[in-house]
Amino acid sequence: MTSQVDRANSHAPSALPAVASSGSRGPSRPGVLDPRLVPTPLPVEERRSPAPSCQSGGRVLGLWQVARRALRIYLRLTSLGTQDGEAAREVGREVRKLLVELGGFWVKAGQMLSLRTDVFPLEFCLELLDLHDRAPAFPPEEVVRVVEEDLRRPFDSVFSEFDTSPVAAGSIGQSHLARLRSSGERVTVKVQRPEARAVLDRDLKFLRFLMRILSRNPRYRHFRWAEAIDALRLMFTEELDFRYEADGMRRLGADLEKHGQIHVPRVFGEYVSPRVLVLEHVRGVTMSEYLRAAHEDPDRAHTWQIENRVAPGRVARRLLHSFLRQVLEENFFHGDLHPANVVLLRDGWVALLESGSAGRLHHDVQKNLASVLRYVSERDYQGAVEHLLALAGPLPVVDPNALRFDWMRIFRTWDQRSYVREFPYDSKSLVHLWQELARVSQRHKLLFHWGLFRMDRSLLSLDVSLKELAPRLDWPRELARYFDGARKRFLSGARKPRALAGLAGNWGGFLRELPSQVRLLQSDMGSILHRRALNFQATSSKISYLLERVFTELRFLTLVAAAVLGLTFVHQKVWYFHWAKISQHRIDDVFFLCPNLTFPEWGVLILVVGWTFSVFHRLALRFARKESVLPGSSGGEF
């Protein structure tokens with residue numbers, strides 16, 4: 001996180017001197033932003049800082065308190081309805097306050113809600129937008145304690161200047177401006193909240209409890225909640241250890257340098273620990289500040305664009321193409337592209353700040369996703385549907401023709417809208433298409449891999465910036481441009497002497513690894529079998545349904561027969577029923593038709609009936625099973 005303008009803190013304690021006003025910077029060095037790219041400040045009516053320091057001492061709410069506040073948030077969201085203007089803004093303030101009290105996961109959930117301007121009123125989303133970088137700060141004393149504990153050295157020996165008022169505060173930590181004593185460089189210091197781990201552990205327990213309840217409901221059983229919890233646990237683990245983020249920033253910096261006009265702050269490795277991260281300080285205008293200015297004063301935002309030679313459409317395409325390269329080529333992408341982490345610079349440059357937990361996709365998932373997007377760029381939606389099936393997890397018993405029909409209907413509707421300029425951006429974006437496909441898939445009890453969760457979150461966050469920068473973005477055309485560029489990059493890299501030498505040298509390695517390549521081919525064949533099995537399952541599901549109904553009826557008839565035999569046994573051996581007065585001898589006639597068996601014979605008959613019932617019961621349950629998995633499939637991610 002960063003600030004568009006350096007701020008002095010006149011109330012800093014003597015032990016922590018205030019940050020001096022910024023002066024001129026020297027010539028740029030490799031890995032450091034050229035000072036000539038720093039834009040002019042974006043004029044806004046009021047520069048809003050993080051909320052005042054919280055003096056709660058890191059109190060962590062209990063599960064019952066979490067449940068009560070979560071219920072209040074749900075009630076406020078349902079009451080939002082069609083409200084707009086000041087009423088929606090007031091609901092946003094109340095929901096933001098409740099989310100801040102809960103902290104941790106709930107603040108992240110509020111950050112995602114703030115991005116859904118297609119679902120909630122704009123005023124409501126603008127209030128929640130502060131959750132990205134304007135959450136309540138924790139006291140300076142705690143900052144000093146965490147830094148000294150993690151870096152294992154006196155605070156004053158690391159920083160010659162330190163602004164105790166954070167420039168940004170989020171769900172995990174907050175960022176401060178400082179100057180390194182060793183080199184005199186201006187840096188941004190990210191410090192983790194003291195209670196962050198305890199809060200996220202509590203939230204994970206609450207989510208486990210909630211998902212256990214949902215998994216008992218047949219409507220939500222197909223969501224594979226165990227995989228969801230594992231994905232969240234892994235994400236929380238990485239976000240609570242800043243060393244993961246430092247490594248991700250270094251790798252992103254090396255990758256994005258090749259993308260052109262995208263900067264990633266340099267990491268100061270000697271000052272990295274699980275709870276402290278020191279980065280190069282980047283001065284610019286965050287996308288969240290730009291969004292607020294664009295809505296509150298469009299004329300000022302337009303004037304700022306002209307002053308700094310920022311073309312919004314080009315910036316949007318640069319961000320989109322870079323994200324696609326990260327996902328589909330490098331397979332290492334920025335995991336948290338919300339507006340507070342995207343910084344606009346002069347001449348159309350962009351800086352990407354905190355990556356959170358960088359994302360990766362399994363090779364098969366990445367390959368199938370690339371195929372889906374390539375077919376979408378060619379408007380070949382039949383091909384996209386076939387590869388979309390491969391992105392699913394365990395196969396439910398569905399009619400593949402019905403699923404294909406529903407998916408094709410969504411693709412064609414989206415394609416028709418992409419040609420019409422008057423349709424709003426929200427109905428033509430790739431995010432909207434993906435959400436509609438996922439909604440239909442859930443109706444068919446089909447769920448995409450939870451491994452796509454981080455990519456979904458990043459794309460949804462990025463989509464907010466794209467909507468403001470390029471509201472008329474033509475997604476199929478931009479995807480086609482991306483794949484054309486990817487093809488040229490591949491051919492250009494293959495023609496380089498180093499690439500040719502490496503190709504020749506790889507033949508020996510390929511022959512040595514031929515057995516493993518065969519096993520990989522077998523794994524790929526599993527994806528083909530996965531799709532071919534759908535046609536078989538469509539037929540076998542109908543047979544299974546018929547057999548399930550047959551064995552259910554046989555089970556019921558066996559139960560009726562057991563009841564009749566039971567009454568006959570009681571009638572013959574225990575107590576004589578006088579049914580004649582009621583039924584005019586008809587039931588008595590039935591009893592008299594039954595042979596008068598001995599006790600051992602009755603025992604054998606009861607065992608036979610019980611065994612028959614158990615067989616029919618097991619067979620009925622077997623053919624009523626709702627989900628089948630291909631042999632050899634673990635049911636997890638590819």
Label-point gap, in nm, between residue 562 and residue 93 - each point 7 angstrom along Cα→Cβ: 6.6
Cross-link pairs 428/488; 108/190; 258/488; 205/445; 108/258 - those with Cα-Cα distance over 22 Å: 428/488; 205/445; 108/258
Peptides ranked, highest mean first, by Cβ atoms within 10 Å: ranges 201-213, 336-348, 422-434, 355-367: 336-348, 355-367, 422-434, 201-213
Order of exposure, largest accessible area first, which applies to 317, 409, 152 with probe 1.4 Å: 152, 409, 317
Whole-angstrom gap from the stretch 286-365 to the stretch 230-246, using each part's C-alpha centre: 23
Highest average packing first - 377-388, 452-463, Cβ atoms within 10 Å: 452-463, 377-388
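The values are calculated or read from the model by the stated rules, or taken from the named source; none is laboratory data. Every value quoted in this text rests on a predicted model; they were computed, and no experiment measured them. Reconstructed Cβ throughout: ideal geometry from the backbone, glycine too, with neighbour counts over all protein chains shown. For accessibility, only protein heavy atoms count, side chains too; no ligands or nucleic acids. Shrake-Rupley method; radii C 1.70, N 1.55, O 1.52, S 1.80 Å.
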